[in-house]
Amino acid sequence: MRKIFIVGIFILIFSGLVYFVLAEKFKAPAIPVEQVEQIHQPAQPEQIVEQTADESAQPTAPSKEKEIVEPISGAITRVTKKPFGLKISPSNSPVSPEKFSGYHTGVDFETTEVEQNIAVPIYTICSGKLLVKKQATGYGGVVIQACEINKQAVTVVYGHLNLSSVSAKINQELKAGQSLGVLGQGYSAETDGERKHLHLSIHRGESVVLLGYVSQAERLSEWLDPSQLFIGD
Ligand SMILES: [Zn+2]
């Protein structure tokens with residue numbers, strides 16, 4: 001009688017264990033795996049903003065992701081003809097021939113003699129979505145990117161590019177310093193007949209504005225001076 005009782009207890013414990021193991025194995029997860037992954041994924045990559053408030057503070061670590069990157073190597077040294085806000089007309093322009101007149105809404109980065117027949121790479125200056133990639137009068141190939149600079153929404157115009165070298169697609173998220181493409185060949189359709197150079201302008205707000213020149217000086221306040229961002233780069 002005692003033997004039967006012990007065997008009975010043993011069977012009870014054993015079947016309990018089997019039930020527990022099977023239940024664990026076939027238990028449906030409370031939330032599907034895909035959902036769990038989405039919950040843990042941030043909607044947007046965290047932006048790392050460089051500290052500028054205290055100049056006496058420690059220098060920023062070199063590994064830190066940069067918010068603003070120059071669009072072309074040695075950017076500042078290339079601004080030799082048309083800085084931001086310069087007023088030009090065909091009769092007094094630093095370039096010849098000149099077909100434009102008005103106040104320059106961007107900065108022109110020039111190329112050297114050696115660079116005339118080699119690929120000159122252009123990089124995104126900030127992180128943000130590609131909005132426009134097209135052929136336009138006055139530019140040839142032009143690319144426009146939406147960004148945030150100093151926490152303000154802006155649109156960045158990269159003018160005179162060889163569009164066939166721009167592989168990024170409309171609405172694609174681009175990181176600052178990412179290779180965008182190369183400059184268009186001078187005096188060709190790629191630059192709309194202009195010399196080989198990069199016209200870069202930064203318009204405040206989210207609207208796409210292709211204007212390279214404005215007729216009133218007051219309107220320049222709609223744009224940022226890009227060269228201010230690359231000093232000390
Ligand atoms: Zn220009």
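The values are calculated or read from the model by the stated rules, or taken from the named source; none is laboratory data. The structure presented is a predicted model; accordingly, all values stated were derived computationally and were not measured. In this analysis, Cβ positions are derived from the backbone assuming ideal geometry, glycine residues included, and neighbour counts consider all displayed protein chains.
How many residues does segment 83-128 contain that are part of a strand (DSSP E or B) and in contact with an Asp or Glu (Cβ under 8 Å, 6 or more places away or on another chain)? Full working, then the answer.
Start the filter on segment 83-128 by keeping residues that are part of a strand (DSSP E or B), which leaves 87-88, 102-104, 107-110, 121-123, 128.
After this cut, where a residue has to be in contact with an Asp or Glu (Cβ under 8 Å, 6 or more places away or on another chain) as well, the list is 88, 107, 123, 128.
Summing the residues that are part of a strand (DSSP E or B) and in contact with an Asp or Glu (Cβ under 8 Å, 6 or more places away or on another chain) in segment 83-128 gives 4.
For segment 133-210, list the strands (runs of 3 or more DSSP E) that sit wholly inside it and hold at least 2 residues that are in contact (Cβ under 8 Å) with a residue 24 or more places away in the chain and more than 16 Å from the ligand (Cβ to nearest atom); which are they?
Qualifying strands (runs of 3 or more DSSP E): 140-149, 152-162, 179-183.
Out of (1) more than 16 Å from the ligand (Cβ to nearest atom); (2) surrounded by 14 or more Cβ atoms within 10 Å (Cβ to Cβ); (3) modelled with pLDDT under 95, the odd one out for Ser227 is which?
(1)
Which condition from (1) at pLDDT 95 or above; (2) away from the ligand (no atom under 12 Å from the Cβ) is the one that Glu110 breaks?
Looking at each condition in turn, Glu110 falls short on (2).
For residues in segment 129-153 being in contact with an Asp or Glu (Cβ under 7 Å, 6 or more places away or on another chain) and surrounded by 14 or more Cβ atoms within 10 Å (Cβ to Cβ), which is nearest to Lys99 (Cα to Cα)?
Quick first cut of segment 129-153, residues in contact with an Asp or Glu (Cβ under 7 Å, 6 or more places away or on another chain) only: 129, 137-141, 146, 153.
Now restrict to residues that are surrounded by 14 or more Cβ atoms within 10 Å (Cβ to Cβ): 129, 138-141, 146, 153.
Numbers: Lys129: 31, Gly138: 9, Tyr139: 12, Gly140: 14, Gly141: 18, Ala146: 28, Ala153: 31 Å.
Among those that are in contact with an Asp or Glu (Cβ under 7 Å, 6 or more places away or on another chain) and surrounded by 14 or more Cβ atoms within 10 Å (Cβ to Cβ), it is Gly138.
Output the number of the condition that Glu113 fails; it satisfies all remaining conditions of (1) within 18 Å of the chain's Cα centre (by Cα); (2) surrounded by fewer than 19 Cβ atoms within 10 Å (Cβ to Cβ); (3) over 19 Å from Glu222 (Cα atoms).
Against the list (1) within 18 Å of the chain's Cα centre (by Cα); (2) surrounded by fewer than 19 Cβ atoms within 10 Å (Cβ to Cβ); (3) over 19 Å from Glu222 (Cα atoms), Glu113 comes up short only on (1).
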